[in-house]
Amino acid sequence: MSRFNRNMLREARENYENDAKMRARVRLIFEIAATLALAALVAVCFFQSVIMQESSMEPTISVGDRFFINMISYRIGDPQRGDIVVFKTNGSDEAALHIRRIIGLPGETVQIVNGRVLVDGATLKEAGDFPNIVNPGAAETPVTLETNQYFVLGDNRNNSEDSRFGDIGIIKKEYLVGKLWFTVAPLKKLGFFR
């Protein structure tokens, strides 16, 4: 083979290798951009952050704790008793976000008698060690929940604005923003919310 043919062959091989390297770089850049775009889309569409700004959930949640909210959980399923939820008191985009625990589910009757929470006449068994409630508010008499209505209480039962009071009241499902999902801060609590 002549030197001219060998040079042309070597040059063609180098061009092919350079093109392959360039295609691999472009593919890597595209994959990184697509991954970042997908992560941003998921974060914007499915998750939102919230900061606890009141003491109504102490000691479970402290003022200043920051969380990601799972915003799709109640679009595909129903809230369960004991879920800690983020909600608005009305449909306004500017409405403040609140964090409380679901106590009563649609169709149930909630009442507070002698400091205890009754659901359908039976004492509610809860995992936490919550104090007796001093002020039953609206739940002094039975409160029957309609379809897509929830009764919420703060874990700090005697220092919480919740479904017992008119400022919060019964929560409609459409006003549930989502469920607490992941603790972002403080760092010592970092991880999936229990």
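The values are calculated or read from the model by the stated rules, or taken from the named source; none is laboratory data. Bear in mind that the values here come from a model prediction, so they are computed numbers and not experimental data. All Cβ positions, even for glycine, are placed from backbone atoms using ideal geometry, and neighbour counts span all protein chains on display.
Brief remarks follow.
- Within the stretch 80-100, tally of residues that are polar (S, T, N, Q) and in contact with a His (Cβ under 9 Å, 6 or more places away or on another chain): 1
- Pair list, Cβ < 6 Å and 6+ apart or interchain, from the stretch 89-113 residues that are closer than 18 Å to Gln53 by Cβ to residues that are outside any loop (DSSP other than H, G, I, E, B): Leu97/Val50; Leu97/Val86; His98/Phe87; Ile99/Met57; Ile99/Val86; Arg100/Val152; Arg101/Ile84; Arg101/Leu153
- Filtered by the rule that a residue be free of Cβ contacts under 8 Å to residues at least 12 places away in the same chain and over 24 Å from Pro59 (Cα atoms), the stretch 160-194 gives no residues.
- Pairs are defined by a Cβ separation below 6 Å, a sequence spacing of at least 6 or placement on different chains, a first member in the stretch 49-77 that is of a type outside the set (Val, Ile, Thr), and a second member that is surrounded by 16 or more Cβ atoms within 10 Å (Cβ to Cβ) and assigned to a helix (DSSP H, G or I); the pairs so defined are Met71/Phe46.
- Selection within the stretch 136-159: residues that are without any contact (Cβ under 8 Å) to a residue 60 or more places away in the chain and touching a Phe, Trp or Tyr at 6+ places or on another chain (Cβ under 9 Å). The member of this set that is nearest to Ile84 (Cα to Cα) is Leu153.
- Residues within the stretch 33-62 that are more than 18 Å from the chain's Cα centre (by Cα), assigned to a helix (DSSP H, G or I) and at pLDDT 85 or above, tallied: 1
- Strands (runs of 3 or more DSSP E) fully within the stretch 116-194 counting 2 or more residues that are modelled with pLDDT of 95 or more and touching a strand residue (DSSP E or B) at 6+ places or on another chain (Cβ under 8 Å): 116-119, 149-153
- Here Gln111 clears all of (1) at pLDDT 95 or above; (2) farther than 18 Å from Phe165 by Cβ; (3) not charged (D, E, K, R) except the condition numbered (2).
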